[in-house]
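Student: Before we start, here is the structure in question, set down as structure tokens.
Read the figures in this text as sums done on the coordinates, not as results from a lab. Just so we're clear, the structure is a prediction, and the values are computed from it rather than from any experiment. Don't worry about glycine lacking a Cβ; one is built from the backbone with ideal geometry, like all the others, and counts go over all protein chains shown.
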Amino acid sequence: MLSTTQTRLSSGKKVNSALDNPSNYFTAQGLSSRSSSLSGLLDAVSTASRRSRRPIPVSPSCRA
């Protein structure tokens, strides 16, 4: 019991393994994976947004 409490305190998670609560563990794993995927997509959108704000260089021959 003390070991379980110490593990929960050190990790910050209530369910650390499938042995603690299988249903909650696998739900949490799926949500964690989805969160990671969404974070990656958010980074990509942020990068694309920054790049789209850059001025487009105009060659001297195109100027009036």
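Student: So I have [x] 21, 50, 28, 1; [y] 17, 24, 18, 15, 11, 7, 6, 2; [z] 17, 37, 25, 17, 5, 0, and one of them is P(r) over Cα pairs in 10 Å bins from 0, in percent calculated from this model. Which one is it?
Tutor: [y]
Student: OK, next. Mind checking the angle between helix 22-52 and the chain's longest principal axis? C-alpha axes, 0 to 90 degrees, to the nearest 10.
Tutor: With rounding to tens, the tilt is 10 degrees.
Student: Here's another thing I want to ask about it. Among L41, A18, S3, which residue has its Cα positioned farthest towards the positive end of the charge dipole of the chain, with +1 placed on the Cβ of Lys and Arg, -1 on the Cβ of Asp and Glu, and the dipole taken about the Cα centre?
Tutor: Checked the options; the winner is L41.
Student: Ok, one more. Name the trypsin sites (Lys or Arg not before Pro) in segment 2-59 that are in a loop by DSSP and that have at most 15 other C-beta atoms within 10 Å, would you?
Tutor: The qualifying sites are K13, K14, R53.
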